[in-house]
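Data block below; observations after.
Just so you know, all these numbers are worked out from the coordinates, no wet-lab data involved. Computed from a predicted model, the values in this text were never measured in an experiment. Note that we place each Cβ from the backbone using ideal geometry, even for glycine, and neighbour counts take in every protein chain shown.
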Amino acid sequence: MAAKLGGGGGGKYEIQQNSEINVTPFVDVMLVLLIIFMVAAPLATVSIEVNLPTAVSPPQQNPPTPVYISLQQNGSVYIGDGRTSVEQMGDDLRRLIGQRSPEDERIFIRADRGVRYGDFMQVMNALQDNGFYSVALVGEDNA
């Protein structure tokens, strides 16, 4: 903020406030930056012509469909959309994954909030007994 000494009216040493912003230095800086970018932009492009070979890569195979096990509060167990039991779950999972190895297969478990811990542990134990060791628990985001 600047002060202005003197002026019309009042006493000889009366101070008035000048509230105008001087934008000239700002404009000068912006023009200098504009010139710098105008000069530097053509230097950033590559002007050497190169005949590049084509890249040929084998097509990637799609990842397998994830396997979901759902537990309801009443104790019902589902693999995907089909109902199963804890005793039959290992055979149903092997039939579902086909030739893939159970050790490499990731199983996603979705459980209702009110599922008893004992029921959940029965499913986990059945998975381990049948060779399915990679298990992920699915939860709902709060966002």
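For labels at LEU43 and GLN17 in the simple 7 Å Cα→Cβ model, what's the distance in nm?
Reported label-point gap for LEU43 and GLN17 is 4.6 nm.
So how much slack lies between TYR133 and GLU103, counting 0.36 nm per residue of separation and subtracting their Cα-Cα distance, in nm?
Details: separation 30, 0.36 × 30 = 10.80 nm, distance 0.61 nm.
10.2 nm is the gain from fully extending TYR133 to GLU103.
Under a 5 Å amide H to amide H cut-off, with H placed in plane at 1.01 Å, what residues pair with VAL67 once short-range neighbours are removed?
PHE108
Report the per residue volume, in Å³, of the convex hull enclosing the C-alpha atoms of the stretch 67-137.
Values: hull volume 5.1 nm³, N = 71.
In the stretch 67-137, the Cα convex hull volume per residue is 72 Å³.
Read through the labelled values (1) 60; (2) 10; (3) 21 and report the label of the one computed as percent of Cα pairs over 28 Å apart from the structure.
It is the one labelled (1).
Taking amide H positions as placed 1.01 Å from N in the peptide plane, with prolines and chain starts having none, which residues 5 or more places from ALA111, or on another chain, fall under 5 Å of its amide H?
Counting only residues 5 or more places away or on other chains, the set is LEU71, VAL138.
Whole-Hz Karplus ³J(HN,Hα) for the stretch 58-75, in order, using 6.51 cos²θ - 1.76 cosθ + 1.60 and θ = phi - 60°, x for Gly and Pro?
Values per residue, Gly and Pro as x: x, x, 7, 7, 5, x, x, 5, x, 9, 10, 10, 10, 10, 9, 4, 7, x Hz.
With θ set to phi - 60° and the Karplus curve 6.51 cos²θ - 1.76 cosθ + 1.60, what are the ³J(HN,Hα) couplings of the stretch 116-127 in order, to the nearest whole Hz, using x for Gly and Pro?
My calculation for the stretch 116-127 gives 5, 4, x, 5, 4, 5, 4, 5, 4, 5, 5, 5 Hz in order.
Springs between alpha-carbon pairs under 10 angstrom, Gaussian network model over the chain: which of GLU87, GLU103, GLU20 fluctuates most?
Of GLU87, GLU103, GLU20, the most mobile in the Gaussian network model is GLU20.
So what are the ³J(HN,Hα) numbers for the stretch 85-102, from phi and the Karplus equation (6.51, -1.76, 1.60; θ = phi - 60°), rounded to whole Hz, Gly and Pro as x?
10, 5, 5, 8, 4, x, 5, 5, 5, 5, 5, 6, 7, x, 7, 5, 7, x
Assuming 0.36 nm per residue, please report the length gained on full extension of the stretch THR65 to ASN51 beyond their Cα-Cα distance. Could the numbers behind the result be given before it?
On the way: separation 14, 0.36 × 14 = 5.04 nm, distance 4.09 nm.
Length gained, THR65 through ASN51: 0.9 nm.
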